[in-house]
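Input: a single structure, listed below in structure tokens.
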Amino acid sequence: MVRMALIGTGWQGQGLLNFLTRIDDADVVGICDLNEEMLNKAANKFNVAAYSDYEKMLDETHPEGIIICTPPTVRVPLVRAAAERGIHCFIEKPPAKTIEMANKVMDILEKNKVMNSVGFMYRYSKAVEQCTALLEGKQVSQVRSAMLDGLALRPNWPKWFFDKHRSGGPVFDQAIHIMDLSRYILGEVKQVVGFQGNLVKPKTDEFTVEDSISYLVQYENNILQTHTHSWVYSDHVAELEFISDQFHLTLDIGEGRLTGTMDGENVSFESEDVLYYLELEAFIQAIKENRPELIKSTYADSVKSLRVALAVSDALESAKIIAL
């Protein structure tokens, strides 16, 4: 059994706890939060020791791994406290708010030589694995991606999502998943340009994010990608289309489905993956077996996706081409 702890018992932290407690090789020994109400709710629900002091939790419970599920602005001291004790770190996305913060975290992780993972769970999808295998050695010419959701239409959705300073808006909450997965499949980004709008949900003092964005990516290998993202759509779509003269594949990352044609043959693949479970299971197995190669999204690699997100954010604000 791998002794595990968690910092941050908000809705995402409790969601991860729900999967963590189902993994046979995981033993959750402690959770921590400054919000007493959320902490006690999680402690009672999962029957685990609760702490308001993270260093006390680390010293008393002696975890081998920790999940850090806090806002990205407060990660540096948490990662330092864990890594200096030799505790392996799973960090929720986005990896940081700025490159300066990310570099500090990366230095701590490298100095203390602990394994690390970031919560880009789509990399663990079997449909993604199948898609990547089919595209190997093939020339992709264009990619169309879309992530459409109705977060801004939900009256009971947490208000902090719509505070751009806190959440980063659609780019940092959701689109960064598309950026990361696209990098994983296609390669590194050369430049980006984009536009944003609020035609359905105008900005106010309490709603400071854009409700819709569109951006164009040029990769270093000259593949082009257009991405459309909305928080004012009545349903949910999360897809990437890979287009060329030899194929047209649609990867539905929400449903774990790959369909289309390749060299004149129909392609149909579907898998009911529980991606949060798979990413945590991989992290725990990596610790148990001392096999860091099981982790598909290291912190150092995730910072490259952060750079893309920051560039897209700059492009949306300036309506200019931003080179990476």
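Summary of values
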{"item": "Flag if Val114 is free of Cβ contacts under 8 Å to residues at least 60 places away in the same chain, of a type in the set (A, V, I, L, M) and not in a strand (DSSP E or B)", "result": "yes"}
{"item": "Residue within segment 210-220 that is outside any strand (DSSP E or B) and more than 23 Å from Gln139 (Cβ to Cβ) present", "result": "yes"}
{"item": "Top-ranked residue of segment 191-209 - restricted to ones that are free of Cβ contacts under 8 Å to residues at least 24 places away in the same chain and part of a loop (DSSP other than H, G, I, E, B), ranked as surrounded by the most Cβ atoms within 10 Å (Cβ to Cβ)", "result": "Asn198"}
{"item": "Among (1) more than 21 Å from Lys93 (Cα to Cα); (2) surrounded by 14 or more Cβ atoms within 10 Å (Cβ to Cβ), the one test that Leu240 misses", "result": "(1)"}
{"item": "Residues within segment 52-107 that are part of a loop (DSSP other than H, G, I, E, B), over 18 Å from the mean Cα position of the chain (by Cα) and either of a type in the set (A, V, I, L, M, F, W, C) or under 22 Å from Ser305 (Cα atoms) (or both), tallied", "result": "1"}
{"item": "Residue match in segment 176-188 (condition: surrounded by fewer than 17 Cβ atoms within 10 Å (Cβ to Cβ), farther than 22 Å from Leu280 by Cβ and not hydrophobic (A, V, I, L, M, F, W, C))", "result": "yes"}
{"item": "Selected residue (only one of Ala146, Ala152 is assigned by TED's automatic domain parsing to the domain that holds Leu249, small (Gly, Ala, Ser) and more than 13 Å from Glu210 (Cα to Cα))", "result": "Ala146"}
{"item": "Which listed residue, of Arg123, Arg166, Arg144, is within 22 Å of Phe242 (Cβ to Cβ) and either at pLDDT below 95 or within 16 Å of the chain's Cα centre (by Cα) (or both)", "result": "Arg123"}
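The values are calculated or read from the model by the stated rules, or taken from the named source; none is laboratory data. Bear in mind the structure is a predicted one, so any value in this text is a computation, not a measurement. In this analysis, Cβ positions are derived from the backbone assuming ideal geometry, glycine residues included, and neighbour counts consider all displayed protein chains.
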